[in-house]
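A.B. asks: Below is a structure I'd like to ask you about.
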Amino acid sequence: MLGSLGATIIDADALARDAVAPGTPALKAIVARWGRGVLAPGGSLDRGALRRIVFTNPVDLDALNLIVHPAISALRDERLTRLRRQGVPVVVYDVPLLFEANLTEEFDKIILVDAPESTRLDRMVASRGLDQIEAEQMIAAQMPATVKRARADYVIENRGTLQELRQQVEELWEQLTAPKPHSSLAG
């Protein structure tokens with residue numbers, strides 16, 4: 001929705017797929033750590049196989065994050081640098097694990113889109129084809145929503161209709177793009 005209003009979007013999930021594409025150092029490190037059983041027949045990452053390993057063991061999840069997060073950060077920084085050079089005024093980095101990856105200090109403002117846990121579980125099962133247990137494990141591995149809310153600059157409630165969500169996004173966009181008053185300095 002922010003993209004339709006004029007923001008340029010960088011999608012962390014897309015960067016994560018690029019970071020572990022066949023032939024990348026990150027995929028090689030993943031295979032070295034967990035074996036060829038995490039590969040699909042064509043040589044790409046079998047995300048389901050890896051998910052079943054890392055979301056049942058915090059040590060494995062930490063190891064995966066140490067492999068993947070630097071690769072994702074490098075791709076993100078490349079894109080941000082290019083967009084800044086182009087003069088793009090608003091860039092939104094859509095990142096599901098912003099807080100868990102300790103990235104909050106890297107951005108000007110933090111927008112949290114939140115919904116009740118039961119709603120998030122239902123959506124994960126419906127949209128990603130996960131079973132209930134996998135979805136619960138993924139949510140359990142995340143920082144609690146109450147902590148995220150306290151650390152966010154803006155919170156968008158995603159518990160209602162699509163129109164209600166759109167209205168909140170449009171109101172936020174107006175705040176983000178409102179002209180800023182100039183400050184004067186005395187010397």
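FYI, it's all coordinate maths here, none of it is from the lab. Quick caveat: nothing in here was measured; it's all calculated off a predicted structure. Here Cβ is always computed from backbone atoms with ideal geometry, including for glycine, and neighbour counts include all displayed protein chains.
A.B. asks: At 222 nm, what value in deg cm²/dmol follows for the chain if DSSP H runs of at least 4 each add -39500 (n - 2.57) and the sum is divided by all its residues, to the nearest 500? Before the final figure, lay out each step's value.
C.D. replies: On the way: 9 runs with 102 residues, N = 187.
Here the helix-only value at 222 nm equals -16500 deg cm²/dmol.
A.B. asks: Next up: Within 14 Å, Cβ to Cβ, of Arg36, how many net charges do the neighbouring residues add up to if Lys/Arg are +1 and Asp/Glu are -1? Please list the in-between numbers first.
C.D. replies: Details: positive: Lys28, Arg33; negative: Asp46.
After counting each charged neighbour, the total is +1.
A.B. asks: Charges at C-beta only: +1 for Lys and Arg, -1 for Asp and Glu. How large is the resulting dipole of the chain about its Cα centre, in Debye rounded to 20?
C.D. replies: So the dipole magnitude of the chain works out to roughly 520 debye.
A.B. asks: Could you check what % of the DSSP bridge pairs in the range 2-177 are antiparallel, to the nearest 5? The partial results should precede the final answer.
C.D. replies: Numbers: 1 of 9 bridges.
The antiparallel fraction comes to roughly 10 percent.
A.B. asks: Note down the relative contact order for the chain as a percent, whole number, built from C-alpha pairs under 8 angstrom at least six residues apart.
C.D. replies: Dividing the mean separation by the residue count of the chain yields 26 percent.
A.B. asks: Say the dipole of the range 1-121 comes from +1 at the beta carbon of Lys and Arg and -1 at that of Asp and Glu; which of Ala7, Leu80, Ile111 then lies farthest toward its positive end?
C.D. replies: About the Cα centre, the residue reaching furthest to the positive side is Leu80.
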